[in-house]
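Undergrad: Before I ask anything, let me first share the structure, which is written out below as structure tokens.
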Amino acid sequence: MRRRSQKPPGVSKTHEEDGDEDTEQQGASAMPKIPSSVVGKLVSFSLLLLVAPILCYFVSLKYIFVGATASSAIVAVIAANLVLAAFVYSAWNEELEDRQPENKDSNRSLTKQAAPRE
């Protein structure tokens, strides 16, 4: 730990010393809060990205293409791309839902209240 020197009263702090306290105070508040649904979605898609291609490879190798490793590898690559596309699609829809107002009727009532009365 760094030791701070005591200054006599009336002597101001240097800019460097001010920055140290600012970062200590902002420590936890500087990081954005991530909703648990986002973390859950990321974890589930990560696990699916790990399991789906491997499962598709071995299932297609044993039951569909019987010994043809190149064809089974192509199936695994397609499975991985489908998982990635599904993740991008769900993230895109989640962002669109966040941008849209929750209730369109509440927006109409707000515009009616803001309209000048004659």
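Undergrad: How much accessible surface does VAL83 have with a 1.4 Å probe, in Å² rounded to 10?
TA: Near enough 10 Å² of accessible area.
Undergrad: With each pseudo-label sitting 7 Å past Cα toward Cβ, what's the ALA73-GLU94 distance in nm, one decimal?
TA: It works out to 3.3 nm between the two label points.
The values are calculated or read from the model by the stated rules, or taken from the named source; none is laboratory data. Quick caveat, the model's predicted, so the values are computed rather than measured. Cβ: placed from backbone, ideal geometry, glycine included. Neighbour counts: every protein chain shown. Each accessible area value is taken on the protein alone, full model and side chains, heavy atoms only, with ligands, DNA and RNA left out. Shrake-Rupley method; radii C 1.70, N 1.55, O 1.52, S 1.80 Å.
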